[in-house]
Every structure is written in C-alpha cells, then in structure tokens.
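The structure under discussion appears below in the form of structure tokens.
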Amino acid sequence: MATSVLQGCSSSALRDVCESTNLLDYVESVVDRIKSTNSSIGTKTRLLVDPSAAMIYFGFCAVISHILLAGITVIIVRKCLALKMVHTAGHAFYCTVAFVFCLGEALLVRHSRVLELWLGIFNLDLLHSAFGLLAFGIGVGGVAIKTLQKLERKREEPTATVKHFRSNHGFFGIVGCVLLLGSVLSGLPLYFYTFKWLQLVHRFCSLGSFATLMASQMFSYNTGFAQRQWKARHVRLFKLFTFIVTITTINYEFRRFTREIVALIARQFGD
C-alpha cells in the first residue's frame, strides 16, 4: 500500500486534491497519510502552502465564493431592511441569510486549511456545524413567515388563488429544506460515530440542499418581489453571480463525493 504523498497531491492528510489514475491506491494512500499525520506531526504543523495547481484552483474558487456569498447577502438584506421587513421582505431576508450565506459558508469553512491551522480540526467542525444549524433554523423560520402570510391571505380572501410550494421557487425551496434536515440529522451523529455510509449520506444531503436551495434562489429573481425592487439588468446580474457562486462553492465537495462513490463502487466490484 502506498504510504508516500502522490506526485501533484496535497501533503495535508485531510485534503483530497490530487490526480491519480488508480482510485483505490489513492484512497488507501489518503488513509495512510491520515494515520501518519495524526501520530507524528499533528494538525497544527501541516503545511499551509501547497503549490499544486489543484489547491490553487480550489483556493481561488473559495475566495470567489466568500466574496459573492457576502455580496449577494448584503445587497438583499439591505433592501429588505429598507422595506422594514414587511410582507415578502421578511421571507427574503431570513432565507437569504440562511440558505445563501450560512449554508454556503458551512460548505466552505469545513475545508479551509487556514481556519484548520488557526482553530484546530475539532473547533473547525464546530464552526461548520454552527453554520449548518443556523442555516436550518433561520431558513425554516423564513419559510414559515411566507407560509403564514399565504394562509392569512387565504383566510381574508377565500376566493384568492394561493399557491403553496407549486412554483419552481417554492418547489426547490421545500426540497432543499428536506435535504437540509437530512444533512443536519446525519451530521450530528458524526461527532460520535464515523460510519462511512453516514458520511456519504451527510455529503449527499449537504450538496443536494445547497444546490436545490440556490436553484430556488435563482427562481426567486423571477418573482414579483424581485422584479419590483430591482431593475432588469440587476436581476440578470443576480442570476449570473448566484450561478457562479453555486459552482465555486460545491465543486470541491462534489469532487470529493464523486471520488468516494467511484472508489466505493470499484472496491465492491474488486471484492
């Protein structure tokens, strides 16, 4: 079994950024490096600088993601505060803070080598969990606000046509909330148990929830609220930047997830 760091790979045991034609050898080398690192040098002495092209690429994507997540959130939050959080503004405020910023940051901070060096792996896990729980709690509150508003309108106007989660925006939103719940429920036990299947479920739910909730965010720009509050060119920019930040935020975690699935399938057939 290979025990050295593969050529072109990150020397960090918890990072998965190298290219290898043999996935089984690659996965086994990662396990060996984790054991070697934990027993000899510890987390805080890992190399901070990795010259590999993959690390430069993913680092650049992370910087872009942080900037766009913060930028989109700040612009929408300011607009909602200017509208005094009434009607749809309250829903937009809480859902943007939760599903765009908190959930996006939850995915990003988990693999930040700078934060890992500064906080340590356990505290980094706590930060990751805090962002995830905030995303779920605040986001569900934001969805509840809109749902209650629709129910109130239906009571006041029985003949009014009120759609509950039938639009693309609402459908992707509720699916994302369900996946986010799955992410929370599968993530908390990982503090006590390290089942591989549970890690895969957690990753799938995390990636799926962020992707579907960002799709919901994209469709939200077509709603009357967005069309009234921003000019058409600003809406197009929102859509562009939201699409970009979706890709730059999930690409690293998606790459790890697909590698593990392929390696798992290869191992099953190999047995």
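The values are calculated or read from the model by the stated rules, or taken from the named source; none is laboratory data. Computed from a predicted model, the values in this text were never measured in an experiment. Using ideal geometry, Cβ is built from the backbone for each residue, glycine included, and neighbour counts are taken over all protein chains shown.
In segment 166-216, of all residues being over 22 Å from ILE244 (Cα atoms) and basic (Lys, Arg), the one that is modelled with the highest pLDDT corresponds to LYS196.
With respect to the conditions (1) in contact with a Cys (Cβ under 7 Å, 6 or more places away or on another chain); (2) at positive phi; (3) not hydrophobic (A, V, I, L, M, F, W, C), GLY139 falls short on a single one, namely (2). Tally time: how many residues in segment 115-165 are more than 23 Å from TYR191 (Cβ to Cβ), modelled with pLDDT of 85 or more and loosely packed, with under 14 Cβ neighbours inside 10 Å? Residues that pass the stated criteria total 2. Return the residues of segment 78-101 that are of a type outside the set (A, V, I, L, M, F, W, C) and touching a residue at least 40 places away in the same chain (Cβ under 8 Å); say none if nothing qualifies. Matches in segment 78-101: LYS79, HIS87, THR88, GLY90, HIS91, TYR94, THR96. Among the residues of segment 75-96, just one is more than 24 Å from the chain's Cα centre (by Cα), over 19 Å from LYS231 (Cβ atoms) and in a helix (DSSP H, G or I), namely LEU81. For segment 183-210, the tally of residues that are surrounded by fewer than 18 Cβ atoms within 10 Å (Cβ to Cβ) and of a type outside the set (Lys, Arg) stands at 15.
Checked against (1) out of contact with any Asp or Glu (no Cβ under 6 Å at 6 or more places or on another chain); (2) part of a helix (DSSP H, G or I); (3) crowded, with 17+ Cβ neighbours inside 10 Å, HIS111 meets all criteria but (2).
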